[in-house]
1. Kindly indicate which of I97, I84 is of a type in the set (A, V, I, L, M) and within 29 Å of N64 (Cβ to Cβ).
2. How many residues are farther than 23 Å from G283 by Cβ and over 16 Å from the mean Cα position of the chain (by Cα) when one looks only at the stretch 156-194?
3. Just one of (1) surrounded by 22 or more Cβ atoms within 10 Å (Cβ to Cβ); (2) farther than 13 Å from P204 by Cβ trips up D231, so point out which.
4. Identify the residue in the stretch 43-59 that is surrounded by 21 or more Cβ atoms within 10 Å (Cβ to Cβ) and away from ligand 1 (no atom under 16 Å from the Cβ) and, among all such residues, is farthest from T157 (Cα to Cα).
5. Return the residues of the stretch 77-87 that are closer than 16 Å to I109 by Cα and in a loop (DSSP other than H, G, I, E, B); say none if nothing qualifies.
6. For the stretch 107-160, enumerate the residues that are within 16 Å of ligand 1 (Cβ to nearest atom), of a type in the set (D, E) and not assigned by TED's automatic domain parsing to the domain that holds L13.
7. Which one of the conditions (1) farther than 16 Å from T172 by Cβ; (2) of a type outside the set (V, I, T); (3) assigned to a helix (DSSP H, G or I) does K225 fail to meet, given that it meets all the rest?
Amino acid sequence: MKTFFNVSDLGNLTQALAEAREVKNNRFGFQPLGKNKTLLMIFFNNSLRTRLSTQKAAMNLGMNVIVLDVNAGAWKLETERGVIMDGDNSEHLLEAIPVMASYCDLIGIRSFAGLVEREFDYAETIVNQFVAYSGRPVFAMETATVHPLQAFADLITIEEHKKSERPKVVLTWAPHCRALPQAVPNSFAEWMNAADVDFVITHPKGYELDPKFAGNIKVEYDQRKAFEGADFIYAKNWSCPGVTRPADYGKILCNDPAWTVDQEHMSWTNNAYFMHCLPVRRGLIVTDDVIESPQSLVIPEAANREISAEVVIKRILEGL
Ligand SMILES: CCC[C@H](NC(=O)CCC(=O)O)C(=O)O
Ligand SMILES: NC(=O)OP(=O)(O)O
């Protein structure tokens with residue numbers, strides 16, 4: 001595997017989930033693969049889970065790890081071509097990328113959407129420069145439009161906890177005080193569409209996800225109807241994806257607290273589990289009693305990030 005951005009990069013999903021179970025039961029069993037190999041993790045944005053779980057996964061595999069926070073100590077990077085660099089940016093990505101690549105065998109990158117120019121974000125302009133100019137395998141640690149390590153961990157968690165062969169999984173929008181990217185819901189929708197689940201998305205009008213990820217899934221705009229009979233509730237905020245309202249790309253269209261997931265919402269379900277990728281804004285996305293309830297899976301879900309990362313890095317190492 002040379003790049004990891006989409007569910008299709010893993011090939012057969014059933015086999016990938018079986019490999020995840022194998023890795024979870026024997027996470028130190030593949031160390032020869034990573035011996036004397038170096039992972040470079042590049043962060044353009046903050047992180048807790050991705051930073052820790054991906055480093056842990058690489059160490060499980062016997063690798064060396066370098067972590068670079070681009071905005072803390074590195075030179076400010078110019079990402080546009082054809083500009084005169086007489087401003088704050090001291091170095092161009094086109095030099096920095098091959099230099100960084102010379103110190104590692106594979107690269108993980110976090111670079112969130114700018115939420116200003118939809119074309120720039122949805123073309124994955126930043127990360128595709130790393131793919132083009134590093135000469136190294138590159139995997140997403142949340143880029144402008146995808147967060148596949150999170151979605152893979154989410155699916156591993158659903159498989160571990162489902163009580164029926166084909167559970168009903170609901171992706172619900174919830175309000176937030178900031179405009180957030182669509183990467184997490186994009187990947188969650190893409191991976192649920194590839195999995196054997198009864199998938200429903202619910203959100204206010206205007207928040208329709210790009211069909212590239214959501215496919216032709218029917219949105220249920222009535223949140224209560226969507227929740228009825230659900231086995232898993234996956235809550236997340238995202239800003240306007242600019243699909244049905246192009247001029248509003250990246251904007252907050254709604255902040256209605258009626259969308260916040262509380263006990264009444266969960267009472268509409270089939271005693272559903274609650275999931276969220278974290279970090280989560282309590283009181284906006286979900287109430288304290290729901291996220292602290294026995295039905296909340298947010299901690300084991302975060303723990304499975306180590307497993308999804310280890311399977312992905314293992315696949316990349318096997319292809320070196
Ligand atoms: C894994 C999620 C990362 C990011 N979340 C945030 O930026 C939340 C920041 C905040 O709540 O202040 C997002 O929504 O894509
Ligand atoms: N869920 C997730 O990716 O968390 P971080 O942003 O803390 O890495």
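The values are calculated or read from the model by the stated rules, or taken from the named source; none is laboratory data. Keep in mind that what you see is a predicted model, and the values were worked out from it rather than measured. Every residue, glycine among them, receives a Cβ derived from its backbone with ideal geometry; neighbour counts consider all protein chains shown.
1. Every option except I97 fails the conditions.
2. 11
3. For D231, the exception is condition (1).
4. Of everything passing the filter in the stretch 43-59, A58 is farthest from T157 (Cα to Cα).
5. T79
6. The one that is within 16 Å of ligand 1 (Cβ to nearest atom), of a type in the set (D, E) and not assigned by TED's automatic domain parsing to the domain that holds L13: D154.
7. (1)
Yes or no, residue by residue, for (1) within 30 Å of P300 (Cβ to Cβ); (2) β-branched (V, I, T); (3) touching a His at 6+ places or on another chain (Cβ under 7 Å):
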| site | (1), (2), (3) |
| --- | --- |
| I42 | yes, yes, no |
| L48 | yes, no, no |
| S53 | yes, no, no |
| A72 | no, no, no |
| E80 | no, no, no |
